1. Of all residues in segment 147-170, which are of a type in the set (A, V, I, L, M) and within 15 Å of residue 124 (Cα to Cα)?
2. Based on what the data block shows, is residue 107 of a type in the set (A, V, I, L, M, F, W, C) and touching a strand residue (DSSP E or B) at 6+ places or on another chain (Cβ under 8 Å)?
3. Restricted to segment 21-50, and to residues that are of a type in the set (A, V, I, L, M) and within 17 Å of the chain's Cα centre (by Cα), which residue is farthest from residue 103 (Cα to Cα)?
4. For residue 169, which of the numbered conditions (1) crowded, with 18+ Cβ neighbours inside 10 Å; (2) modelled with pLDDT of 95 or more; (3) outside any helix (DSSP H, G or I) fails to hold?
5. Tell me, which residue of segment 42-74 that is at pLDDT 95 or above and of a type in the set (Val, Ile, Thr) is nearest to residue 28 (Cα to Cα)?
6. Would you point out the residue of segment 144-156, among those that are among the aliphatic types (A, V, I, L, M) and closer than 19 Å to residue 90 by Cβ, that is surrounded by the most Cβ atoms within 10 Å (Cβ to Cβ)?
7. So how many residues does segment 130-175 have that are of a type in the set (Gly, Ala, Ser), closer than 19 Å to residue 11 by Cα and in contact with a Lys or Arg (Cβ under 8 Å, 6 or more places away or on another chain)?
8. Can you say whether residue 11 is closer than 21 Å to residue 115 by Cα and either surrounded by 15 or more Cβ atoms within 10 Å (Cβ to Cβ) or touching a Ser or Thr at 6+ places or on another chain (Cβ under 9 Å) (or both), as far as the supplied structure shows?
Amino acid sequence: MAGNSIGLIELGSIAGGYEVADAMLKTADVELLLSRSICSGKYMVLVRGDVAAVESSVAAGAQAGGFSVIDKFVIPNVHESVFPALGGAVKADRLEALGILESFSVASLLEGADAAAKAAHVQLIEIRLAMALGGKAFVTLTGSVSAVRSAVEAGAGAIAAKGLLVNKVVIPNPRPELLSEVF
């Protein structure tokens with residue numbers, strides 16, 4: 001099953017995370033993409049499917065999670081570059097500029113990454129979600145300097161709207177040594 005919609009619930013309870021994942025999977029025909037503990041004692045559940053199924057799944061999970069829910073979202077038409085970037089570093093075709101968005105939450109970062117990818121012709125390189133990051137998350141992306149600037153501004157706006165933006169950076173013509181951390 002594939003779908004162009006994703007939904008996520010980020011929780012402050014690991015035990016609650018298991019309960020939420022179960023409720024989400026029992027409620028609708030969705031694919032479980034990630035269900036795991038993340039740094040600073042949080043838990044995240046990420047599902048994929050058609051819009052209606054993901055909306056139902058997230059609603060049921062949020063109800064089951066109650067006070068443990070930190071953040072949640074449904075992105076109805078997620079940009080296709082989000083999925084490979086979630087899997088790890090994607091080899092970029094070229095690296096004219098490097099953009100980085102950093103967030104205090106997994107949910108807001110994924111919303112920012114999607115907004116960035118939709119705003120300009122950029123390539124998402126990697127999305128790191130709260131592992132060995134103190135609960136924070138970040139995305140790296142590349143493209144022309146102007147496209148990266150536009151994408152970073154759009155992504156930062158989505159994250160800042162929730163009050164969770166840590167930083168945003170655009171580096172034109174990054175030094176090759178810097179990229180050893182990216183690939």
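The values are calculated or read from the model by the stated rules, or taken from the named source; none is laboratory data. Keep in mind the model is a prediction, meaning the values are calculated, not measured. Virtual Cβ from ideal backbone geometry, glycine too; neighbours counted across all protein chains shown.
1. Hits for segment 147-170 are 147, 148, 151, 152, 154, 156, 169, 170.
2. Here the answer is yes, as residue 107 does meet what is asked.
3. Looking at residues that are of a type in the set (A, V, I, L, M) and within 17 Å of the chain's Cα centre (by Cα), I get 32.
4. So the condition that residue 169 fails would be (1).
5. Step by step, filter segment 42-74, then rank; the result is 54.
6. Checking each candidate, the answer is 151.
7. 3
8. When the stated conditions are applied, residue 11 does not pass them.
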